[in-house]
Amino acid sequence: MNTPELTDAQHEIVSLLWATSQPMTIAEIWGRLREDRKIARTTVQTWVNRLERRGWLVREETPRGLAFRAIRAPNEATVSMAARFLESFFGGSPTRLVSALAGRGQLDREEVERLRRLLDELEESNAESA
């Protein structure tokens, strides 16, 4: 899957749209974002335009005016951002990431068991496709 990566700010916008069943106008998106920080409307407009060009959003005419809706699934963003994080901080190595978490005591027994099941499923999947 060739999913264009999202910046943190773009992810925030797409997350707002995933959280609602209705498309949002630029003014509505801007209003929500500026609840948490000072941000220019033109900045939000630029981010939304980029998201639309990159295939994350689609524009729609609504009774409230031009609005935007997310068209990619949340898991696409998760995979993209996780890959970027893994590459940036761990040289692309999942083992280094898990080792870092284990070394800090971040993995309790339940998490270790979930990871073990996931690895077993991946191994089975790889064996079936070989």
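Side notes on the structure shown:
- Taking each residue of region 1-27 that is not assigned by TED's automatic domain parsing to the domain that holds THR78 and in a helix (DSSP H, G or I) and looking for partners that are polar (S, T, N, Q) and at pLDDT below 85 with beta-carbon atoms closer than 6 Å, six or more apart or interchain, yields nothing.
- Failed item, numbered, when GLU128 is tested on (1) in a loop (DSSP other than H, G, I, E, B); (2) not assigned by TED's automatic domain parsing to the domain that holds GLU12: (1)
- Qualifying residue in region 67-79 (condition: part of a strand (DSSP E or B), among the small types (Gly, Ala, Ser), closer than 30 Å to GLY31 by Cα and in contact with a helix residue (DSSP H, G or I) (Cβ under 8 Å, 6 or more places away or on another chain)): yes
A quick yes/no check of all residues on (1) over 20 Å from the mean Cα position of the chain (by Cα); (2) aliphatic (A, V, I, L, M); (3) at negative phi:
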site	(1), (2), (3)
LEU86	no, yes, yes
PRO94	no, no, yes
LEU97	no, yes, yes
GLU113	yes, no, yes
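- Condition check for VAL98: closer than 30 Å to LEU118 by Cβ and without any contact (Cβ under 8 Å) to a residue 60 or more places away in the chain: yes
- Just one of (1) under 13 Å from the mean Cα position of the chain (by Cα); (2) exposed (fewer than 14 other Cβ atoms within 10 Å of the Cβ); (3) not in a loop (DSSP other than H, G, I, E, B) fails for THR43. It is (1).
The values are calculated or read from the model by the stated rules, or taken from the named source; none is laboratory data. On a predicted model such as this, the values are computed, not experimentally measured, just so you know. Virtual Cβ from ideal backbone geometry, glycine too; neighbours counted across all protein chains shown.
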